1. Sorted by average packing, counted as other Cβ atoms within 10 angstrom per residue and highest first, what order do 32-41, 45-54, 4-13 take?
2. Could you tell me whether region 94-147 comes out rounded, prolate or oblate from its Cα gyration tensor? Rule is a ≥ b ≥ c as square roots of the eigenvalues, rounded for a/c under 1.5, then prolate if a/b exceeds b/c, otherwise oblate.
3. With springs only between Cα atoms under 10 Å apart, run a GNM on the chain and tell me which of C273, C100, C25 wobbles the most.
4. How long is region 1-97 along each principal axis, judged by its Cα atoms, biggest number first, in Å?
5. Taking the simple approach of a point 7 Å from Cα along Cα-to-Cβ for both E241 and D19, what is their distance in nm?
6. In Å, the Kirkwood hydrodynamic radius of region 201-329 over pairs of distinct alpha carbons?
7. Mind checking which aspartates and glutamates have their Cα closer than 17 Å to the Cα of K300? Skip sequence neighbours fewer than 8 apart in that chain.
8. Principal axis lengths of the chain from Cα atoms, whole Å, largest first?
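Derivation of every value follows stated rules applied to the coordinates shown; laboratory data play no part. Quick caveat, the model's predicted, so the values are computed rather than measured. Please note: Cβ atoms are built from the backbone with ideal geometry, for glycine as well, and neighbour counts cover all protein chains shown.
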Amino acid sequence: RGRSWTDPPSGVKGAEPFDVDDHQCYVPKKCVFRFQGHERGVHRIRLFPRTGHLLLSAGLDGACKVWSVEKRKCMRTYVGHSAAVRDAQFNNDGTKFVSCSFDRYLRLWNVESGKVLGTFTNRRVPYVVKFYPNDDNIFVVGCSDNKIVAYDSTTGEITQEYDHHLAPVNTITFVEDNGTKMVTSSDDKKVLVWEWDIGVPIKYISDPTMHSMPVVTMHPSEKFLLCQSLDNRIVVYQAGERYGLQRKKKFEGHNVAGYACDIAISPDGRFVCSGDSNGKLIFWDFKRTRILQKYHAHDKGPSIAAVWHPVEPSTVFTCGWDGVIKMWE
């Protein structure tokens, strides 16, 4: 039919990312499929924006793979890094993705052809990468030299540096009316809020009781930030205005112990799901903050990441350091 393999299957209409009322979600019941093919563990997985018909995985073997969720097989492998891939991210329309690796390079790939469109480095280890929501040519990288740098992928130049953290940067999250501000967290146990393209933070969030927060996820209502705190709980901050800590809302009962386990939130905002260091997968009710389900998901280490499908109501993907990506329904 002459359609590209990256196009969504016909009849799938995408859901907008922050639309809570699109469809109701449910907690998955069992593992329905395993995607196997990575030689070592898988550190991060990402779904294709809006439709979720492709799954991008970043492996500790240095390869990225794109899988078809519908056909349940690996469509293409992207080999170019000489060390483990720490993070990967689709751009806003899903035609390209950027991967960052411990070999200190970032590579921008074309999903369909597998070509490298650009290689970027500032000779530091990149820990996290995010595309700027309003411009697909700009992506932001948190590095091991405590800086956050913005690259323009058309020229390959660094357009802006945000340099106020005292330790390597862990997360970057865009908040407030489609991404004019960004929230960053770091090993120095501080959370900083920046105005886009201004190199001085507009807000410091720091508190002697805070722990390091290696994962921050935006709630689909765009009102809350959920942060994986290393004292084995998920804490919730307001996203916007005062960025206050919601002291009543905290999710406990899992054991993250030094791993950056990703948080997945159902697109209707009702359920929170996270892996933990013992390979379990845990689901909480967002309103009441109680545990609904615990599953044993992965062996030989943590279930490090989970993503919730944007369209299917109860499909969750998890990956772990045993190299298996599991699909739950």
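1. Peptide ranking by packing, descending: 45-54, 32-41, 4-13.
2. Judged from the Cα gyration tensor, region 94-147 comes out oblate (a/c at least 1.5, b/c at or above a/b).
3. Looking only at C273, C100, C25, the biggest GNM fluctuation is shown by C25.
4. Per principal axis, max minus min of the Cα coordinates gives 42, 37, 24 Å.
5. Simple spin-label model gives 2.6 nm for this pair.
6. 14.9
7. E39, D61, D276, D322
8. 54, 48, 38
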